[in-house]
Amino acid sequence: ECRKGIVFMGKPCENGMLFSGNQNKRDDRGSAIVIVIIAVALIGMLATAILWASYLNYRIKINDLKAKNSFYSAETVVEQIVAGIKRDVVSVALGSAYQEVISNWDGLGSDENRERYFAMAYTESVEKLLGVSAAGASKRYDKDKLHDYVDEAFWDENNPSGHVRESVWDSAVPVFLSADDLDGNGSMAIKNIRVEFYDSNGYLSIINTDIAIDVPKLRFTQ
(Lines give C-alpha, C1' and ligand atoms only; values in the text may rest on other atoms or scores of the structure.)
Protein backbone atom coordinates (compact mmCIF):
# COMPACT_ATOMS: atom_id res chain seq x y z
CA GLU A 1 0.00 0.00 0.00
CA CYS A 2 1.32 3.43 -0.94
CA ARG A 3 0.89 6.06 1.73
CA LYS A 4 1.71 9.75 1.77
CA GLY A 5 5.24 10.48 2.83
CA ILE A 6 6.41 6.93 2.11
CA VAL A 7 8.67 5.93 -0.74
CA PHE A 8 7.25 2.90 -2.58
CA MET A 9 9.59 0.93 -4.94
CA GLY A 10 11.89 3.96 -5.13
CA LYS A 11 9.00 6.32 -6.09
CA PRO A 12 7.54 8.99 -3.79
CA CYS A 13 3.86 8.72 -2.83
CA GLU A 14 1.25 11.39 -2.48
CA ASN A 15 -2.41 10.94 -1.48
CA GLY A 16 -2.07 7.20 -1.78
CA MET A 17 -1.00 7.32 -5.43
CA LEU A 18 2.37 7.09 -7.15
CA PHE A 19 3.52 10.27 -8.83
CA SER A 20 2.71 10.41 -12.48
CA GLY A 21 4.95 11.58 -15.27
CA ASN A 22 8.66 10.85 -15.43
CA GLN A 23 8.78 9.98 -11.75
CA ASN A 24 6.44 7.02 -12.35
CA LYS A 25 8.47 5.45 -15.21
CA ARG A 26 10.77 2.41 -14.66
CA ASP A 27 14.42 2.84 -15.60
CA ASP A 28 15.22 0.03 -18.14
CA ARG A 29 18.58 1.37 -19.19
CA GLY A 30 21.21 -1.46 -19.46
CA SER A 31 18.69 -4.33 -19.61
CA ALA A 32 19.38 -4.89 -23.32
CA ILE A 33 23.07 -5.47 -22.58
CA VAL A 34 22.19 -8.04 -19.93
CA ILE A 35 19.92 -9.88 -22.37
CA VAL A 36 22.64 -9.85 -25.03
CA ILE A 37 25.23 -11.18 -22.55
CA ILE A 38 22.89 -13.99 -21.49
CA ALA A 39 22.11 -14.87 -25.12
CA VAL A 40 25.80 -14.89 -26.06
CA ALA A 41 26.56 -17.08 -23.04
CA LEU A 42 23.85 -19.57 -24.00
CA ILE A 43 25.05 -19.66 -27.62
CA GLY A 44 28.62 -20.17 -26.40
CA MET A 45 27.56 -23.04 -24.14
CA LEU A 46 25.62 -24.64 -27.00
CA ALA A 47 28.55 -24.26 -29.40
CA THR A 48 30.92 -25.73 -26.81
CA ALA A 49 28.61 -28.72 -26.29
CA ILE A 50 28.39 -29.32 -30.05
CA LEU A 51 32.16 -29.08 -30.49
CA TRP A 52 32.77 -31.42 -27.56
CA ALA A 53 30.29 -33.97 -28.92
CA SER A 54 31.97 -33.76 -32.32
CA TYR A 55 35.38 -34.29 -30.75
CA LEU A 56 34.17 -37.31 -28.78
CA ASN A 57 32.61 -38.77 -31.94
CA TYR A 58 35.92 -38.24 -33.77
CA ARG A 59 37.88 -39.96 -31.00
CA ILE A 60 35.44 -42.88 -30.96
CA LYS A 61 35.82 -43.32 -34.73
CA ILE A 62 39.63 -43.17 -34.48
CA ASN A 63 39.68 -45.75 -31.67
CA ASP A 64 37.27 -47.97 -33.59
CA LEU A 65 39.48 -47.73 -36.67
CA LYS A 66 42.58 -48.67 -34.67
CA ALA A 67 40.78 -51.60 -33.06
CA LYS A 68 39.59 -52.83 -36.47
CA ASN A 69 43.09 -52.55 -37.92
CA SER A 70 44.41 -54.63 -35.04
CA PHE A 71 41.72 -57.26 -35.58
CA TYR A 72 42.32 -57.33 -39.34
CA SER A 73 46.01 -57.97 -38.68
CA ALA A 74 45.15 -60.89 -36.41
CA GLU A 75 42.68 -62.13 -39.04
CA THR A 76 45.41 -61.89 -41.69
CA VAL A 77 47.50 -64.35 -39.68
CA VAL A 78 44.63 -66.85 -39.66
CA GLU A 79 43.97 -66.28 -43.37
CA GLN A 80 47.62 -67.01 -44.16
CA ILE A 81 47.37 -70.27 -42.22
CA VAL A 82 44.20 -71.23 -44.09
CA ALA A 83 45.79 -70.31 -47.44
CA GLY A 84 48.87 -72.39 -46.59
CA ILE A 85 46.73 -75.40 -45.69
CA LYS A 86 44.76 -75.10 -48.91
CA ARG A 87 47.90 -74.79 -51.00
CA ASP A 88 50.31 -77.23 -49.33
CA VAL A 89 47.94 -79.72 -47.71
CA VAL A 90 44.50 -79.88 -49.29
CA SER A 91 45.61 -79.40 -52.89
CA VAL A 92 48.52 -81.83 -52.59
CA ALA A 93 46.41 -84.44 -50.77
CA LEU A 94 43.66 -84.14 -53.38
CA GLY A 95 46.03 -84.75 -56.26
CA SER A 96 47.79 -87.61 -54.47
CA ALA A 97 44.56 -89.41 -53.54
CA TYR A 98 43.15 -88.99 -57.05
CA GLN A 99 46.30 -90.44 -58.62
CA GLU A 100 46.13 -93.43 -56.28
CA VAL A 101 42.57 -94.15 -57.36
CA ILE A 102 43.53 -93.88 -61.03
CA SER A 103 46.53 -96.15 -60.49
CA ASN A 104 44.34 -98.84 -58.86
CA TRP A 105 41.27 -98.28 -61.01
CA ASP A 106 40.66 -101.82 -62.21
CA GLY A 107 41.56 -103.41 -58.90
CA LEU A 108 39.03 -101.31 -57.00
CA GLY A 109 36.27 -102.72 -59.19
CA SER A 110 33.34 -100.36 -58.54
CA ASP A 111 32.77 -96.63 -58.22
CA GLU A 112 31.73 -97.11 -54.61
CA ASN A 113 35.06 -98.76 -53.80
CA ARG A 114 36.93 -96.03 -55.64
CA GLU A 115 35.15 -93.29 -53.70
CA ARG A 116 35.83 -95.07 -50.41
CA TYR A 117 39.46 -95.58 -51.33
CA PHE A 118 39.80 -91.92 -52.37
CA ALA A 119 38.42 -90.71 -49.02
CA MET A 120 40.83 -92.97 -47.12
CA ALA A 121 43.86 -91.95 -49.23
CA TYR A 122 42.94 -88.27 -49.00
CA THR A 123 42.58 -88.41 -45.21
CA GLU A 124 45.87 -90.24 -44.76
CA SER A 125 47.65 -87.74 -47.01
CA VAL A 126 46.23 -84.76 -45.11
CA GLU A 127 47.35 -86.21 -41.78
CA LYS A 128 50.80 -86.94 -43.16
CA LEU A 129 51.22 -83.44 -44.58
CA LEU A 130 50.12 -81.90 -41.27
CA GLY A 131 52.53 -84.08 -39.33
CA VAL A 132 49.71 -85.69 -37.35
CA SER A 133 50.86 -88.14 -34.69
CA ALA A 134 49.24 -90.03 -31.87
CA ALA A 135 49.49 -88.51 -28.40
CA GLY A 136 47.77 -90.69 -25.86
CA ALA A 137 44.08 -91.00 -26.63
CA SER A 138 44.14 -88.13 -29.14
CA LYS A 139 46.08 -86.95 -32.15
CA ARG A 140 48.33 -83.90 -32.48
CA TYR A 141 49.23 -81.91 -35.58
CA ASP A 142 52.58 -80.21 -36.07
CA LYS A 143 52.12 -76.54 -35.12
CA ASP A 144 55.44 -75.63 -36.70
CA LYS A 145 53.97 -76.35 -40.13
CA LEU A 146 51.19 -73.84 -39.50
CA HIS A 147 53.70 -71.41 -38.02
CA ASP A 148 55.70 -71.47 -41.25
CA TYR A 149 52.66 -70.41 -43.29
CA VAL A 150 52.66 -67.01 -41.54
CA ASP A 151 54.98 -64.19 -42.63
CA GLU A 152 58.00 -63.92 -40.38
CA ALA A 153 57.29 -60.23 -39.76
CA PHE A 154 54.22 -61.16 -37.72
CA TRP A 155 56.37 -63.10 -35.23
CA ASP A 156 58.91 -60.32 -34.80
CA GLU A 157 58.37 -58.47 -31.51
CA ASN A 158 60.22 -55.47 -32.94
CA ASN A 159 57.84 -55.16 -35.86
CA PRO A 160 56.58 -51.52 -35.77
CA SER A 161 53.14 -52.63 -36.97
CA GLY A 162 52.69 -55.20 -34.20
CA HIS A 163 53.32 -58.89 -33.62
CA VAL A 164 51.74 -62.20 -32.68
CA ARG A 165 52.34 -63.32 -29.12
CA GLU A 166 54.24 -66.51 -29.77
CA SER A 167 53.97 -67.69 -26.17
CA VAL A 168 50.18 -67.74 -26.48
CA TRP A 169 50.41 -69.51 -29.83
CA ASP A 170 52.66 -72.20 -28.33
CA SER A 171 50.43 -72.70 -25.27
CA ALA A 172 47.44 -73.94 -27.31
CA VAL A 173 47.21 -77.75 -27.50
CA PRO A 174 47.33 -78.79 -31.22
CA VAL A 175 44.51 -81.34 -31.23
CA PHE A 176 43.60 -82.97 -34.52
CA LEU A 177 40.26 -84.68 -35.08
CA SER A 178 40.00 -87.20 -37.88
CA ALA A 179 36.84 -88.16 -39.72
CA ASP A 180 36.36 -91.06 -37.31
CA ASP A 181 36.61 -88.68 -34.33
CA LEU A 182 33.85 -86.61 -35.91
CA ASP A 183 31.51 -89.59 -36.30
CA GLY A 184 32.53 -90.17 -39.89
CA ASN A 185 30.87 -87.03 -41.23
CA GLY A 186 33.51 -86.59 -43.92
CA SER A 187 35.46 -83.83 -42.16
CA MET A 188 38.64 -83.36 -40.17
CA ALA A 189 39.42 -80.54 -37.77
CA ILE A 190 42.54 -78.65 -36.77
CA LYS A 191 41.71 -77.50 -33.25
CA ASN A 192 42.90 -74.65 -31.03
CA ILE A 193 44.24 -72.07 -33.45
CA ARG A 194 44.96 -69.23 -31.03
CA VAL A 195 46.24 -65.88 -32.27
CA GLU A 196 46.82 -62.84 -30.06
CA PHE A 197 47.97 -59.84 -32.05
CA TYR A 198 49.44 -56.89 -30.14
CA ASP A 199 49.86 -53.79 -32.28
CA SER A 200 51.97 -50.65 -31.91
CA ASN A 201 48.97 -48.66 -30.63
CA GLY A 202 48.55 -50.95 -27.64
CA TYR A 203 45.51 -52.79 -28.99
CA LEU A 204 45.21 -56.53 -28.42
CA SER A 205 43.08 -58.68 -30.74
CA ILE A 206 42.39 -62.31 -29.88
CA ILE A 207 41.17 -64.99 -32.28
CA ASN A 208 40.42 -68.53 -31.15
CA THR A 209 39.23 -70.79 -33.93
CA ASP A 210 39.31 -74.25 -35.48
CA ILE A 211 39.87 -75.11 -39.13
CA ALA A 212 37.69 -77.76 -40.73
CA ILE A 213 38.93 -79.80 -43.69
CA ASP A 214 36.25 -81.59 -45.65
CA VAL A 215 36.80 -84.73 -47.68
CA PRO A 216 35.79 -83.89 -51.29
CA LYS A 217 32.82 -85.84 -52.63
CA LEU A 218 34.16 -87.10 -55.93
CA ARG A 219 32.07 -89.31 -58.19
CA PHE A 220 34.14 -91.69 -60.31
CA THR A 221 32.45 -92.86 -63.47
CA GLN A 222 33.65 -94.82 -66.49
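The values are calculated or read from the model by the stated rules, or taken from the named source; none is laboratory data. Remember, it's a predicted structure, so these values are computed and weren't measured experimentally. We place every Cβ from the backbone using ideal geometry, glycine too, and count neighbours over all the protein chains shown. Ligands, DNA and RNA are stripped out before the accessible areas are found, and what is left, the full protein with its side chains, is counted by its heavy atoms. Shrake-Rupley method; radii C 1.70, N 1.55, O 1.52, S 1.80 Å.
Once you reduce region 154-189 and region 85-146 to the center of their Cα atoms, the two points are 20 Å from each other.
Using the 1.4 Å probe convention, the accessible area of region 54-171 works out to 59 Å² per residue with neighbouring protein chains retained. On a 19 Å Cα-Cα criterion, which of the cross-link pairs K86/K217; K139/K217; K68/K145; K191/K217; K86/K145 come out too long? Table pairs above 19 Å Cα-Cα are K139/K217; K68/K145; K191/K217.
Remark: region 107-122, residue by residue, has Karplus-estimated 3J(HN,Hα) of x, 6, x, 10, 4, 4, 5, 5, 5, 5, 5, 4, 4, 5, 5, 5 Hz, where x stands for each Gly or Pro and the curve is 6.51 cos²θ - 1.76 cosθ + 1.60 at θ = phi - 60°. Here the simple spin-label model places points 7 Å from the Cα toward Cβ, and for K66 and L182 these points are separated by 3.9 nm. Residues whose amide H lies under 5 Å from that of I213, counting only those 5 or more places away or on a different chain, are M188, A189, I190; hydrogens are built 1.01 Å from N in the peptide plane. Here the gap between I43 and I206, fully extended at 0.36 nm per residue and compared with their Cα-Cα distance, gives a gain of 54.1 nm.
Here the accessible area of region 66-222 is 47 percent carbon and sulfur, with a 1.4 angstrom probe and all protein chains present. Multiplying the residue separation of M120 and D148 by 0.36 nm and subtracting their alpha-carbon distance yields 7.4 nm.
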